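Asker: Below: one structure in structure tokens.
The values are calculated or read from the model by the stated rules, or taken from the named source; none is laboratory data. Bear in mind the structure is a predicted one, so any value in this text is a computation, not a measurement. Ideal geometry is used to build each Cβ from the backbone, glycine not excepted, and the neighbour counts take in all protein chains shown.
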Amino acid sequence: MSGIAERLREFRAAVGLTQREVASLCGLGKRTIIYWEMGEREIKCTRLTPLVDEYDLDFNWLILGRGSMFNTTLGDEQENLETPEPFEEEVPAPAPEPVERDWTEAEQTFQKEQEDVLPLIQRLRRK
């Protein structure tokens, strides 16, 4: 039996899957899994990707025997749960500046001054 076949069987036992369930997940027949685990047929690695995705199985471990069986360990998951992800507090947009009343008042004052000065200018022209 090959190393991949042994690791496939070890994985299946670790997660409690039957050969039929593994075959169903991979879109294969039960006999194919039986032949793979017995080493009678070559294992097609691409057919195992559903197991890798579904169970977070470490593909390097399955094919090469390196590393651990799963990509994340229980300790890593607990650590992620305990440590909240940093978040950026949303800064509210500054409120639009109100129209300055001083400007409108200044304009009104300027118009009043013009009205007051205009008669003086007209008198000076007459002289």
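Asker: Of (1) within 21 Å of Ser68 (Cα to Cα); (2) surrounded by 15 or more Cβ atoms within 10 Å (Cβ to Cβ); (3) at pLDDT 90 or above, Leu48 satisfies all except one. Which?
Answerer: Among (1) within 21 Å of Ser68 (Cα to Cα); (2) surrounded by 15 or more Cβ atoms within 10 Å (Cβ to Cβ); (3) at pLDDT 90 or above, the lone unmet condition for Leu48 is (3).
Asker: Sticking with this one: Taking only segment 76-107 into account, find how many residues are of a type outside the set (A, V, I, L, M), modelled with pLDDT of 60 or more and surrounded by 10 or more Cβ atoms within 10 Å (Cβ to Cβ).
Answerer: Of the residues in that region, 3 qualify.
Asker: Next question. Would you mind telling me which numbered condition in (1) on the phi > 0 side of the Ramachandran plot; (2) surrounded by 13 or more Cβ atoms within 10 Å (Cβ to Cβ); (3) at pLDDT 90 or above Gly27 fails?
Answerer: (2)
Asker: Checking Asn60 against (1) exposed (fewer than 15 other Cβ atoms within 10 Å of the Cβ); (2) polar (S, T, N, Q); (3) over 29 Å from the mean Cα position of the chain (by Cα), which test does it fail?
Answerer: All conditions pass for Asn60, except number (3).
Asker: If a residue must be exposed (fewer than 12 other Cβ atoms within 10 Å of the Cβ) and in contact with a strand residue (DSSP E or B) (Cβ under 8 Å, 6 or more places away or on another chain), how many such residues does segment 63-73 contain?
Answerer: Number of matching residues: 0.
Asker: Could you tell me how many of the residues in segment 26-51 are touching a strand residue (DSSP E or B) at 6+ places or on another chain (Cβ under 7 Å) and basic (Lys, Arg)?
Answerer: 0
Asker: Among the residues of segment 39-74, count how many are in contact (Cβ under 8 Å) with a residue 60 or more places away in the chain and in a helix (DSSP H, G or I).
Answerer: Within segment 39-74, residues that are in contact (Cβ under 8 Å) with a residue 60 or more places away in the chain and in a helix (DSSP H, G or I) number 0.
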